[in-house]
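Trainee: Please read through the structure below; I'll follow up with questions.
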Amino acid sequence: MDWADELAASVEGPQVVNDSKTPSGTVHVGSLRGPVILDVIARALRARGTATSLLYGIDDLDPMDAQALLTPDAIEHEMGRPLAHVPDQAGDCHPSYARHHAQAFIDTFAGLGIHPDRYYWMSDVYASGVVDPFIRAALDRAEAVRAIYRRVANVQHPADWHPLQVVCESCARIGTTIVTRWDGERVFYECRPNLVSWAHGCGHSGWIPPFGGRAKLGWNLEWAAQWSIFGVTIEPSGKDLSTAGGSRDRADAIAREIFEREPPLNVAYEFLNIGGRKMSTSRGLGVAAHEIVRVVPPEQLRLLFLRPRPQTAIEFDPIGSDAIPRLFDEFDRLADATAGHPVRGELPAGYASVFRYSLLDPGADVAVIAAAFRPAFGHLALLRQIPGVDIDARIETEKGAPLTRLETATVRERTAAADAWLATFAPDKARIAVQRDRIPDEAGALEPDQCTWLGQLAAAALAAVSGPPASGDAWQALIFSTAAAAGLVPGRAFGALYLAFLGRPNGPRAGWLLASLESAFVLERLRVAAGEPVQESA
RNA sequence: GGGCCGUUAGCUCAGCGGUUAGAGCAGUCGCCUUUUAAGCGAUUGGUCCUGGGUUCGAAUCCCAGACGGCUCACCA
């Protein structure tokens, strides 16, 4: 954890760590990296005894510009209006669209152990009047703002452009208005039908005092104003904003030259890519946050995001791969190392911090958690596919002692994650499925002595005085005895069973697998595999 | 066109100035009357993208280039 601890060591005095987000719709997994980085920075600062407050802003006065989540008849009416003024489409008792979607990501953050000291809503902040001095400064110095856009971003605004958008008094849209004059107390604005492609203004124009929430600063200026209002000293930002000439450069220049304040320390971070491509639910790539959270518990998700340096792109491809089991294994390896156990492979610098910052509870007893027994994810995924396995009892046996409450909770969490993984992302090779309809094609690879033995096993099972074996133990014993009698080494005997039932050369403990199936089916399959002339019924 | 990131074993990656470059998976070989052979043990495999430079010493730092990717360039 060089990066967060080094950052924390490089700053002096009390710190205000801030980030903000427009509550425009669904959050995808990749957009959780910023909040995790934010939280880890705050934890690293506090770990050094630095007074730190963590703020999170909700830019709910931003215009509605994504119609995907609106009902068809609401699109024409709502597009371009402030998100805080758009009704909640879900109808689940939130006062606005913004409140609904903001609540979704606030809940997601809390589930990841991220608890800002305070959430602030820009609609409230504007209404309180604290932004007014910054609106006044921006309007008074509009020419300087335009010059910054030209110089920093090579953006040429018209000579009468002002960095402010008014909420139209006639149609209540904000995304469609442009301010062209400022007399020191009032602005003149127009609500233009074709200012933006995604919403249509009503054509109204007029003079209005732009204070107390009747207007909002342009995005880059609003960002810089937030820094001044809240005294922000550190603010991470994604690479889409951190690029040269991008929003962050403009906001930095505006902070210095218009609001006369040094901008906060930036921590630019890269995105999460799926198979080398940016996640995008609309392109069918990647996975929504609520979807991945079912398969990857919070502490493993935190690890995924905080382990690499922020400026390094994360390649994560959970679909049909072993990426998720590997993530768990890495977590366990870090836990073992933190607990002082020997581990294989190289450890990252500051591995104990990496582990500690991965934990949900910042005040947790790291030594106790690190030393806890935890079953490997891949092992659990296998156990879940074998009928009749009592997971708790099984894991307890492997530990050799009763499970603590923490360990039991971990087993539960991982079991649920393994089930979800098997149902979604797991590659076929991780799945075990008895091929019931007909004998697998792979069984064609059986050699004559294996076929012969399978027939002998069926015969022995049928001839047993007490009928075919009913228990795993009994089947297992019969497998060994008949294989020995046939002169077949056990490995080839088991291999034959796996091919005949699963279509793969290996599998779970064979006796128990057979015991979980009806005897009639088992006997019939054995005979078919042996090449005996039986009719395979459905 | 600008910016950022990456390039290390077949694959995914760690190592980020200091012995002979590591791990997991895959591969190969060995080990079964039963802690699940989805295990255990051993083992193969590398011009650390290329070319210069700095240094006693470079995968690691600097410069240039190649390739791959993301991102910005209208608004937020």
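The values are calculated or read from the model by the stated rules, or taken from the named source; none is laboratory data. Predicted model, so just to flag it, every value in this text is computed and none were measured. So basically every Cβ, Gly included, is an ideal-geometry build from the backbone, and we count neighbours across all protein chains shown. Areas reflect the complete protein model, heavy atoms only, side chains present, ligands, DNA and RNA absent. Shrake-Rupley method; radii C 1.70, N 1.55, O 1.52, S 1.80 Å.
Trainee: Do you know which residues across segment A:177-199 are near RNA strand B (Cβ under 10 Å from one of its atoms) and either in contact with a Cys (Cβ under 7 Å, 6 or more places away or on another chain) or not aliphatic (A, V, I, L, M) (or both)?
Mentor: A:Ser197, A:Trp198
Trainee: On to the next question. How do the strands (runs of 3 or more DSSP E) wholly within segment A:194-240 filter down when requiring 2 or more residues that are aliphatic (A, V, I, L, M) and under 30 Å from A:Pro35 (Cα atoms): which remain?
Mentor: Working: elements: A:205-208, A:215-217, A:234-238.
Hits in segment A:194-240: A:215-217.
Trainee: Here's a follow-up. Just give me the residues in segment A:303-357 being of a type outside the set (A, V, I, L, M, F, W, C), out of contact with any Phe, Trp or Tyr (no Cβ under 7 Å at 6 or more places or on another chain), within 20 Å of A:Arg46 (Cβ to Cβ) and more than 10 Å from RNA strand B (Cβ to nearest atom), in sequence order.
Mentor: A:Ser353, A:Arg356, A:Tyr357
Trainee: Identify, by number, the condition in (1) buried (at least 22 other Cβ atoms within 10 Å of the Cβ); (2) free of Cβ contacts under 8 Å to residues at least 60 places away in the same chain; (3) hydroxyl-bearing (Ser, Thr, Tyr) that A:Thr312 doesn't meet.
Mentor: Unmet for A:Thr312, out of (1) buried (at least 22 other Cβ atoms within 10 Å of the Cβ); (2) free of Cβ contacts under 8 Å to residues at least 60 places away in the same chain; (3) hydroxyl-bearing (Ser, Thr, Tyr): (1).
Trainee: Within segment A:363-371, is even one residue out of contact with any Pro (no Cβ under 6 Å at 6 or more places or on another chain) and of a type in the set (Asp, Glu)? First the steps, then the outcome.
Mentor: Initially, segment A:363-371 is screened for residues out of contact with any Pro (no Cβ under 6 Å at 6 or more places or on another chain), giving A:363-371.
With the extra rule that they be of a type in the set (Asp, Glu), the set shrinks to A:365.
Checking segment A:363-371: at least one residue is out of contact with any Pro (no Cβ under 6 Å at 6 or more places or on another chain) and of a type in the set (Asp, Glu).
Trainee: Going through A:Val155, A:Val187 one at a time, which residue ends up being open to solvent by 40 Å² or more (accessible area, probe 1.4 Å), on the phi < 0 side of the Ramachandran plot and in contact with a helix residue (DSSP H, G or I) (Cβ under 8 Å, 6 or more places away or on another chain)? Don't jump to the end; show me each part of the working.
Mentor: Details: A:Val187 fails: open to solvent by 40 Å² or more (accessible area, probe 1.4 Å).
When all the criteria are applied, what remains is A:Val155.
Trainee: Of all residues in segment A:285-300 being modelled with pLDDT of 85 or more, more than 16 Å from RNA strand B (Cβ to nearest atom) and outside any loop (DSSP other than H, G, I, E, B), which is nearest to A:Ala110 (Cα to Cα)? Break it down stepwise before answering.
Mentor: Step one: of segment A:285-300, the residues modelled with pLDDT of 85 or more are A:296-300.
Now restrict to residues that are more than 16 Å from RNA strand B (Cβ to nearest atom): A:297-299.
If we keep only those that are outside any loop (DSSP other than H, G, I, E, B) as well, we get A:298-299.
Details: A:Pro298: 10, A:Glu299: 12 Å.
Checked segment A:285-300; the qualifying residue nearest to A:Ala110 (Cα to Cα) is A:Pro298.
Trainee: Residue by residue through segment A:71-86, note down the ones that are under 21 Å from A:Thr177 (Cβ atoms) and either under 21 Å from the mean Cα position of the chain (by Cα) or surrounded by fewer than 18 Cβ atoms within 10 Å (Cβ to Cβ) (or both).
Mentor: Of segment A:71-86, the ones under 21 Å from A:Thr177 (Cβ atoms) are A:74-86.
A:Ala74, A:Ile75, A:Glu76, A:His77 - these are the residues of segment A:71-86 that are under 21 Å from A:Thr177 (Cβ atoms) and either under 21 Å from the mean Cα position of the chain (by Cα) or surrounded by fewer than 18 Cβ atoms within 10 Å (Cβ to Cβ) (or both).
Trainee: I need the full set of residues from segment A:358-385 which are open to solvent by 20 Å² or more (accessible area, probe 1.4 Å) and within 16 Å of RNA strand B (Cβ to nearest atom), in order please. Reasoning before the result, please.
Mentor: Initially, segment A:358-385 is screened for residues open to solvent by 20 Å² or more (accessible area, probe 1.4 Å), giving A:360-369, A:371, A:373-374, A:376, A:378-379, A:382, A:384-385.
Matches in segment A:358-385: A:Phe373, A:Arg374, A:Ala376, A:Gly378, A:His379, A:Leu382, A:Arg384, A:Gln385.
Trainee: Working only within segment A:102-126, note down all residues that are in contact with an Asp or Glu (Cβ under 9 Å, 6 or more places away or on another chain) and either open to solvent by less than 40 Å² (accessible area, probe 1.4 Å) or under 26 Å from A:Cys171 (Cα atoms) (or both). First the steps, then the outcome.
Mentor: The first filter runs over segment A:102-126 and keeps only residues in contact with an Asp or Glu (Cβ under 9 Å, 6 or more places away or on another chain), leaving A:102, A:109, A:112-116, A:121-124, A:126.
Listed by number, the residues that qualify are A:Ala102, A:Phe109, A:Leu112, A:Gly113, A:Ile114, A:Pro116, A:Trp121, A:Met122, A:Ser123, A:Asp124, A:Tyr126.
Trainee: Just checking, does segment A:403-414 include any residue being open to solvent by less than 50 Å² (accessible area, probe 1.4 Å) and either within 20 Å of the chain's Cα centre (by Cα) or within 11 Å of RNA strand B (Cβ to nearest atom) (or both)?
Mentor: Of segment A:403-414, the ones open to solvent by less than 50 Å² (accessible area, probe 1.4 Å) are A:403, A:407-408, A:410-411, A:414.
Among the residues that remain, those that are also either within 20 Å of the chain's Cα centre (by Cα) or within 11 Å of RNA strand B (Cβ to nearest atom) (or both) are: A:410, A:414.
Scanning segment A:403-414 turns up at least one residue that is open to solvent by less than 50 Å² (accessible area, probe 1.4 Å) and either within 20 Å of the chain's Cα centre (by Cα) or within 11 Å of RNA strand B (Cβ to nearest atom) (or both).
Trainee: Additional query: I'd like the full set of residues that are closer than 21 Å to A:Trp223 by Cβ and touching a Pro at 6+ places or on another chain (Cβ under 9 Å), limited to segment A:55-79.
Mentor: Residues of segment A:55-79 that are closer than 21 Å to A:Trp223 by Cβ, as a first pass: A:55-66.
Selection gives A:Leu55, A:Tyr56, A:Ile58, A:Asp59, A:Asp60, A:Leu61, A:Asp62, A:Pro63, A:Met64.
Trainee: Just one of A:His379, A:His341 is within 23 Å of A:Lys429 (Cβ to Cβ) and over 20 Å from the mean Cα position of the chain (by Cα); which is it?
Mentor: Values: A:His341 fails: within 23 Å of A:Lys429 (Cβ to Cβ).
The match here is A:His379.
Trainee: Let me ask something else. Scan segment A:434-451 and tell me whether some residue there is touching a residue at least 60 places away in the same chain (Cβ under 8 Å), within 10 Å of RNA strand B (Cβ to nearest atom) and surrounded by fewer than 18 Cβ atoms within 10 Å (Cβ to Cβ). First the steps, then the outcome.
Mentor: Our first condition is that a residue be touching a residue at least 60 places away in the same chain (Cβ under 8 Å); within segment A:434-451, this holds for A:434-443, A:446, A:451.
Retained after the next criterion (residues that are within 10 Å of RNA strand B (Cβ to nearest atom)): none.
Looking through segment A:434-451, none of the residues is touching a residue at least 60 places away in the same chain (Cβ under 8 Å), within 10 Å of RNA strand B (Cβ to nearest atom) and surrounded by fewer than 18 Cβ atoms within 10 Å (Cβ to Cβ).
Trainee: When you check A:Glu169 against the structure, is it in contact with a strand residue (DSSP E or B) (Cβ under 8 Å, 6 or more places away or on another chain) and either in contact (Cβ under 8 Å) with a residue 24 or more places away in the chain or not in a loop (DSSP other than H, G, I, E, B) (or both), yes or no? Please lay out each step first, then the result.
Mentor: Details: in contact with a strand residue (DSSP E or B) (Cβ under 8 Å, 6 or more places away or on another chain): yes; either in contact (Cβ under 8 Å) with a residue 24 or more places away in the chain or not in a loop (DSSP other than H, G, I, E, B) (or both): yes.
For A:Glu169, the condition - in contact with a strand residue (DSSP E or B) (Cβ under 8 Å, 6 or more places away or on another chain) and either in contact (Cβ under 8 Å) with a residue 24 or more places away in the chain or not in a loop (DSSP other than H, G, I, E, B) (or both) - is met.
Trainee: Residue by residue through segment A:465-520, note down the ones that are away from RNA strand B (no atom under 12 Å from the Cβ), exposed (fewer than 12 other Cβ atoms within 10 Å of the Cβ) and part of a helix (DSSP H, G or I).
Mentor: Correct list: A:Ala520 only.
Trainee: Got a sec? Which helices (runs of 4 or more DSSP H) wholly within segment A:68-134 have at least 1 residues that are polar (S, T, N, Q) and touching a Leu at 6+ places or on another chain (Cβ under 8 Å)?
Mentor: Details: elements: A:72-78, A:97-111, A:122-128.
By residue number, A:97-111, A:122-128.
Trainee: Tell me which residues, restricted to segment A:386-400, are in contact (Cβ under 8 Å) with a residue 12 or more places away in the chain and either open to solvent by less than 40 Å² (accessible area, probe 1.4 Å) or more than 11 Å from RNA strand B (Cβ to nearest atom) (or both).
Mentor: Within segment A:386-400, A:Ile386, A:Ile391, A:Asp392, A:Ile395 meet the criteria.
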